[in-house]
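Chemist: I have a structure I would like to understand better, so I am pasting it below and will then ask my questions one at a time.
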Amino acid sequence: MGKLRPMEGNEAIAEAMRQINPDVVAAYPITPSTEAVQIFARFVADGQVDTNYVAVESEHSAMSACIAASLAGGRVMNVTASQGLALMWEMLYIAASLRSTVVLSVANRALSGNINIHCDHSDAMGARDAGWLQLYGENVQEAYDNAIQAVVIAEREDVRLPVMNCYDGFLVSHSYELLEVEEDEAVREFVGPYKPVRPLLDVQNPYTIGPLDLYDFYHEHKRSQWEAYRPAKQAVIEVGKAFGERFGRSYGLLEPYFLDDAELVIVALGSTAGIVKDIVEQRREGGERVGLLKIRSFRPFPAEEIADALGSARALAVMDRAAGFGSGFGTLYPEVAAALYAGGKQVPVVDYIYGLGGRMVLPEEIHQVYNELAPVAASGHPEQLTRWLGVRE
Amino acid sequence: MSAVNEADLRELEPLYTRPESLTETPMRYCPACTHGTAHRLVAEVLDELGVRERTVAVASVGCSVYAYEYFNCDCVQAAHGRAPAVATGIKRVRPDSVVFTYQGDGDLASIGLAEVIHAAARAENITVIFINNAVFGMTQGQMAPTSLPGQVTTTTPRGRSVEQGGHPLRVCELLREVEGVAYLARRALGAPRQVRAARKAIHKAFEAQLEGAGFALVELLSICPTFWHKSPLEALKHLEQAMVPYYPLGEYVDWRGSAGGEE
């Protein structure tokens with residue numbers, strides 16, 4: 001049994017990192033994730049972990065050092081946000097392509113410009129095709145639990161991919177919550193010792209990491225990387241289940257909430273799911289068949305599972321906390337719509353772009369979404385495919 | 001009862017006023033922070049040179065992220081570390097403008113070190129005001145590349161060890177070797193005589209730009225009482241006793257050929 005302790009999201013991430021005791025953390029502070037590395041730096045200074053902590057000069061170098069440390073044979077973790085993640089962009093692709101197993105917690109924050117420090121998902125969404133797995137946590141407990149599971153998922157021999165542990169900037173990173181912190185030993189046992197696959201300096205099998213790869217083989221290498229996301233999906237499911245068996249909190253690719261008979265369904269990522277849950281409960285009391293589909297694993301994207309989970313839905317709203325400029329939609333909508341189309345589901349789907357740059361999402365706005373979904377379900381055709389929620393215009 | 005006669009007041013010569021190059025926005029820096037002094041010195045120089053209306057400031061990321069609210073000229077807010085590259089773009093398309101960046105040590109000496117060195121190497125005709133307070137202020141007191149050995153920060157709670165955290169970077173000494181630098185000086189915002197010397201250096205750094213001489217940078221050793229965990233007076237003492245010995249004051253490059261070097 002874990003201990004209940006009040007903690008902020010960043011503190012919980014640092015705590016998970018302390019328990020996991022990675023070999024290397026190469027970090028650069030950025031709001032709103034700074035505290036996590038700061039607290040972790042204290043653990044290093046106090047000798048509570050054996051981690052080699054490197055205070056690098058930028059996120060670009062941070063990720064470069066992390067990838068190299070991982071490929072050299074170390075367990076590597078890091079924390080960043082927003083511009084920091086954006087500056088890592090070049091390295092993110094390399095991290096996944098070279099099959100490093102870096103675990104990066106991301107306190108989701110808007111991207112410049114204009115400069116903004118508050119929550120939205122445009123940072124992680126910008127990295128959605130980089131090849132990283134992306135888990136989204138709803139609250140402090142999930143951010144902590146996901147940090148632990150991320151290590152196991154990343155390092156599984158049939159996965160070997162870097163994992164982003166996304167938690168909403170300020171809304172989760174700076175919110176106190178009564179957290180169930182598991183025992184150090186139990187966490188260490190769950191993640192197990194790190195077993196690197198082909199670390200550097202195996203003198204019997206010398207090799208080069210990341211050599212020139214042109215039209216003769218690059219295409220095949222990408223194809224082989226493509227295959228890794230199927231076992232990765234299985235790993236997210238299995239590790240979530242094992243975590244539940246060990247600690248009592250189970251996780252999957254998705255979290256359905258009152259979905260079995262739901263006709264009006266909201267699809268959401270991150271902390272917004274918590275608000276939607278409250279509204280679902282309220283409206284259920286009034287007899288309305290409403291539900292929530294929370295996506296926990298955005299990468300790998302559970303397309304078949306989403307189509308299967310929405311059997312009774314008559315109208316769907318996708319909550320998008322990032323705008324896909326020029327696409328006409330947010331970033332989550334096209335993926336959900338494609339999942340439904342591929343799964344043969346004929347359900348009208350409306351996209352709601354909301355909460356950019358930390359704009360608060362209010363309970364009445366979630367009510368508004370359900371209210372607007374009712375006529376869409378009745379007519380079968382949304383008047384507008386994309387709507388902006390809580391915007392002054 | 002002697003009422004003040006407004007006509008008399010109008011005849012008085014104002015001795016100390018807000019420079020036109022500063023807005024009326026009250027500054028939100030911590031008490032005793034020297035950013036206010038640095039802002040004012042820059043503004044006084046812009047007034048003196050009569051260039052405010054053709055000046056563009058490039059604000060950076062750090063405590064001075066709000067510099068654009070205080071400088072009464074057009075401003076561009078750059079991404080972290082990129083100010084010299086942004087200034088380059090502005091200056092190239094508007095060569096008659098006066099362009100300066102205002103950057104802290106987190107911005108300039110850490111994430112943006114490449115930008116400043118290459119702007120200098122290209123002899124970009126811009127002026128850089130570099131605030132070195134040896135700590136990341138805005139993100140709440142983490143180690144900067146300029147933090148002194150032994151300095152306690154939130155990421156070095158037992159003090160910066162050079163074995164683990166590396167050695168503090170001396171930016172003027174690095175840039176001194178770069179061809180293309182027209183003017184380079186390090187001053188301190190401590191005692192009044194130092195502040196006067198800082199003002200003179202800033203003046204020269206803008207003159208260099210106006211003469212088309214090349215890249216100019218003034219490093220201003222500054223205090224951060226909040227994240228040095230010192231009273232303002234103690235912080236000023238620390239500036240004198242710890243910062244100045246590590247970061248010697250002086251004029252390192254002067255395009256007019258009179259650089260005195262380290263003082």
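Chemist: For region A:98-160, run through the GluC sites (Glu not before Pro) and keep only the ones in DSSP coil with at most 16 other Cβ atoms within 10 Å of their Cβ.
Modeler: Here the GluC sites (Glu not before Pro) that fit, given the DSSP loop and packing criteria, are A:GLU157.
Chemist: Here's a follow-up. Taking +1 at the Cβ of each Lys and Arg and -1 at the Cβ of each Asp and Glu, which of A:ALA16, A:ALA130, A:ILE30 sits farthest along the dipole of region A:3-247 towards its positive end, judged by Cα position relative to the Cα centre?
Modeler: A:ALA130
Chemist: Working from Cα positions, state the angle (0 to 90°, nearest 10) between the long axis of helix A:272-285 and the longest principal axis of chain A.
Modeler: Helix A:272-285 sits at roughly 30 degrees to that axis.
Chemist: Separate question: Got a sec to turn the phi values of region A:210-224 into Karplus ³J(HN,Hα) couplings, 6.51 cos²θ - 1.76 cosθ + 1.60 with θ = phi - 60°, whole Hz, x for Gly and Pro?
Modeler: x, x, 4, 9, 9, 5, 6, 10, 3, 4, 5, 5, 5, 4, 6
Chemist: Next question, about the same structure. Once R0 is set to 60 Å, what does the formula 1/(1 + (r/R0)^6) return for the Cβ-Cβ distance between A:ASP308 and A:VAL203, expressed as a FRET efficiency to the nearest 0.05? Working shown, then result.
Modeler: Values: r = 50 Å, r/R0 = 0.83.
Rounded to the nearest 0.05, the efficiency is 0.75.
Chemist: Moving to a separate point now. What are the aspartates and glutamates whose alpha-carbon lies under 20 Å from the alpha-carbon of A:LYS345, with same-chain residues fewer than 8 places away excluded?
Modeler: Partners within reach: A:GLU255, A:ASP260, A:ASP261, A:GLU263, A:GLU304, A:GLU305, A:ASP308, A:GLU335, A:GLU383.
Chemist: Separate question: Rounded to two decimals, what is Rg over Rh for the protein assembly as shown when you use alpha-carbon atoms and the Kirkwood radius? Spell out each step's value before the answer.
Modeler: Details: Rg = 27.8 Å, Rh = 27.0 Å.
Looking at the protein assembly as shown, the ratio lands at 1.03.
Chemist: For region A:254-388, what does the alpha-carbon gyration tensor say about shape, rounded, prolate or oblate, given a ≥ b ≥ c as the root eigenvalues, a/c under 1.5 as rounded, and a/b over b/c as prolate?
Modeler: It is rounded, given that a/c, with a ≥ b ≥ c, falls under 1.5.
Chemist: Give a quick list of GluC sites (Glu not before Pro) in region B:1-72 that DSSP marks as loop, anything other than H, G, I, E or B, with at most 12 other Cβ atoms within 10 Å. Can you show the working numbers first?
Modeler: Details: sites: B:GLU6, B:GLU11, B:GLU20, B:GLU24, B:GLU44, B:GLU48, B:GLU53, B:GLU69; in loops: B:GLU20, B:GLU24.
Within region B:1-72, the qualifying GluC sites (Glu not before Pro) (loop, at most 12 other Cβ atoms within 10 Å) are B:GLU24.
Chemist: About its Cα centre, how strong a charge dipole does region A:254-388 have in debye, to the nearest 20, once Lys and Arg get +1 and Asp and Glu get -1 at the Cβ?
Modeler: Values: 12 positive and 18 negative charges, 58 e Å.
My answer is approximately 280 debye.
Chemist: Please build a GNM for chain A, connecting alpha carbons under 10 Å apart, and tell me which residue among A:GLY286, A:GLY113, A:GLY74 fluctuates the most.
Modeler: Ranking A:GLY286, A:GLY113, A:GLY74 by mean-square fluctuation puts A:GLY113 first.
Chemist: What whole-number distance in Å separates the alpha-carbon centres of region A:211-228 and region A:46-80?
Modeler: Answer, in whole Å: 27.
Chemist: Once the Cα atoms of helix A:140-155 and of chain A are each reduced to a long axis, what angle between those two axes, in degrees from 0 to 90 to the nearest 10, is obtained?
Modeler: 50
Chemist: Here's a follow-up. Going by the alpha-carbon gyration tensor, a ≥ b ≥ c the square roots of its eigenvalues, is region A:47-168 rounded (a/c under 1.5) or, if a/c is not under 1.5, prolate (a/b greater than b/c) versus oblate?
Modeler: Working: a/c = 1.42, a/b = 1.27, b/c = 1.12.
Rounded, since a/c falls under 1.5.
Chemist: Using unit Cβ charges (K, R positive; D, E negative) and no other charged atoms, how large, in debye to the nearest 20, is the dipole of the protein assembly as shown about its Cα centre? Walk me through the intermediate numbers first.
Modeler: Values: 58 positive and 83 negative charges, 158 e Å.
In total the dipole reaches around 760 debye.
Chemist: Using only C-alpha positions, report the orientation-averaged shadow area of the convex hull of chain B, nm², one decimal.
Modeler: Working: hull surface 63.4 nm².
Over all viewing directions, chain B projects a mean Cα-hull area of 15.9 nm².
Chemist: Could you point to the residue in B:ALA191, B:LEU49, B:GLN142 farthest towards the positive end of chain B's charge dipole, with +1 and -1 charges on the Cβ of Lys/Arg and Asp/Glu respectively?
Modeler: Highest projection toward the positive end goes to B:GLN142.
Chemist: Now, a different point. Highest GNM mean-square fluctuation, chain A, Cα pairs closer than 10 Å: which of A:GLY192, A:GLY355, A:GLY252?
Modeler: A:GLY192
Chemist: Largest first and to the nearest Å, give the Cα extent of chain A along each principal axis.
Modeler: 68, 54, 44 Å, listed from the longest principal axis down.
Chemist: Go through region A:325-393 and name the trypsin sites (Lys or Arg not before Pro) that are in a DSSP coil and have 10 or fewer other Cβ atoms within 10 Å of their Cβ. It would help to have the intermediate numbers written out before the result.
Modeler: On the way: sites: A:LYS345, A:ARG359, A:ARG387, A:ARG392; in loops: A:LYS345, A:ARG359, A:ARG392.
Here the sparse-neighbourhood loop sites are A:ARG392.
Chemist: Mean residue ellipticity at 222 nm from the helices of the protein assembly as shown, using -39,500 (n - 2.57) per DSSP H segment of n ≥ 4 over the full residue count, to the nearest 500 deg cm²/dmol? It would help to have the intermediate numbers written out before the result.
Modeler: Details: 24 runs with 244 residues, N = 656.
Computed ellipticity for the protein assembly as shown at 222 nm equals -11000 deg cm²/dmol.
Chemist: So between A:LEU212 and A:GLU393, what do we pick up on full extension, going 0.36 nm a residue minus the alpha carbon distance? Before the final figure, lay out each step's value.
Modeler: Working: separation 181, 0.36 × 181 = 65.16 nm, distance 5.06 nm.
Full extension of this stretch gives 60.1 nm more.
Chemist: Give the long-range amide H neighbours of A:ALA317: residues separated by 5 or more places, or on another chain, with amide H under 5 Å away, using H modelled in the peptide plane at 1.01 Å from N.
Modeler: Residues meeting the amide H criterion: A:VAL265, A:ILE266, A:VAL267, A:VAL350.
Chemist: In addition: In nanometres, what is the gap between the two model label sites at B:LEU174 and A:ARG5, each 7 Å from Cα along Cα-to-Cβ?
Modeler: In this crude label model, B:LEU174 to A:ARG5 measures out at 3.8 nm.
Chemist: If you don't mind, another one. To the nearest Å, what is the center-to-center distance of region A:136-154 and region B:1-34, using C-alpha atoms only?
Modeler: Using only Cα atoms, the two centres lie 56 Å from each other.
Chemist: Working from Cα positions, state the angle (0 to 90°, nearest 10) between the long axis of helix A:59-72 and the longest principal axis of chain A.
Modeler: 60
Chemist: If the cut-off is 18 Å between C-alpha atoms, which lysines fall inside it for A:LYS294, apart from same-chain ones fewer than 8 positions away?
Modeler: Cross-link targets: A:LYS233, A:LYS241, A:LYS277.
Chemist: When chain A is modelled as a GNM with alpha-carbon springs shorter than 10 Å, which of A:TYR218, A:TYR136, A:TYR333 fluctuates the most?
Modeler: Evaluated over chain A, the most mobile residue of the options is A:TYR218.
Chemist: Rounded to the nearest 20 debye, what is the charge dipole size of region B:27-254 about its Cα centre when +1 sits on each Lys and Arg Cβ and -1 on each Asp and Glu Cβ? Kindly include the intermediate steps, with their values, before the conclusion.
Modeler: Values: 22 positive and 22 negative charges, 81 e Å.
Taking the Cα centre of region B:27-254 as origin, the dipole is about 400 debye.
Chemist: Of A:MET91, A:ALA268, B:TYR102, which is farthest towards the positive pole of the protein assembly as shown's charge dipole, taken about the Cα centre with +1 and -1 on the beta-carbons of Lys, Arg and Asp, Glu respectively?
Modeler: B:TYR102
Only the coordinates and a few stated rules stand behind these numbers; no lab work does. Since this is a predicted model, take the numbers as computed values, not measurements. Please note: Cβ atoms are built from the backbone with ideal geometry, for glycine as well, and neighbour counts cover all protein chains shown.
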